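Worksheet for the structure shown next.
Quick note: the coordinates plus some simple rules give every number you see, no bench work behind them. Source: prediction; values computed, not measured. Glycine also receives a Cβ, built like all others from the backbone with ideal geometry; neighbour counts cover every protein chain displayed.
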Amino acid sequence: MSDKLKVVLVDDQGLCRRGLSELLANCYDFSVLGATDNIAELRKLLDEKPDLLIIDLRMKPLDGISMLEQLRKAGYLTPAIMLTMSDSEVDLKNAIRAGVRGYLLKDMAPDDVVDAIRRVAAGELVVAPTMTVKMIEMLRDEQSGQDPKNSLKLLTEREREILQLLSRGESNKAIALTLKISYDTVKQHVRHILNKLNLSSRVKAAVLFAKEQGNADDDTPPRC
């Protein structure tokens, strides 16, 4: 089908390449163009104009970030997702600076990985739930152009509940279980939150919420 998401995979472990290839191949909306650990072969695959590149971080002889930098210099601008075992804040920061659209961990549930890849394809910046707090700390001081107290007044009480859980790194499924609502209802609320705040990703919304909480803490008089 022409509307399938075309994906290229890069990992230096054959088992990981095969496992992810099979996972995505079993989804109706994905087409895996190829999987490799070789940059020369990767360039040939990128010439087929994939929608997404999913790349491992820790590879030999060339790590994922260095490989991405070489590709960008050569003019290959395919949106990239980093799929890794590393939960290091330094690795996360370097990956974001390299321009990745997603930072996912290999210990995530398969369904969550697939959902995250779809969200990146839809234009979101997505990080693994356990990395959300680290991402918020990275971006908190960089968020500009929004007054948290004014922007967040647009949200309903339920939307604020969901945003608070997002800021803790909770996935949509976990939020649905916590609030005893459906997964689809959570997704709808998240869309409404992003629309109201005029933001492109849930991570940025969580940063805005964290800034508001920080301001609230600053306004609180010290206890004697």
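List of remarks:
- As a ratio to 2.2 N^0.38 Å, the alpha-carbon radius of gyration computed for the chain takes the value 1.09.
- The lysines whose alpha-carbon is closer than 28 Å to the alpha-carbon of K49, local same-chain residues fewer than 8 away aside, are K4, K6, K60, K73, K93, K106.
- Highest average packing first - 16-23, 161-168, Cβ atoms within 10 Å: 161-168, 16-23
- The chymotrypsin sites (Phe, Trp or Tyr not before Pro) found in segment 14-107 that occupy coil by DSSP, while having at most 10 further C-beta atoms within 10 Å, are Y28.
- Helix-only CD estimate at 222 nm, as mean residue ellipticity for the chain, using -39500 (n - 2.57) per DSSP H run (n ≥ 4): -15500 deg cm²/dmol
- Across segment 111-124, computed HN-Hα scalar couplings (Karplus, 6.51 cos²θ - 1.76 cosθ + 1.60, θ = phi - 60°) run 5, 6, 5, 4, 4, 5, 4, 4, 5, 4, 4, 7, x, 7 Hz from first to last residue, x flagging Gly and Pro.
- Ratio of Rg to Rh over segment 19-116 (Cα coordinates, Kirkwood Rh, two decimals): 0.93
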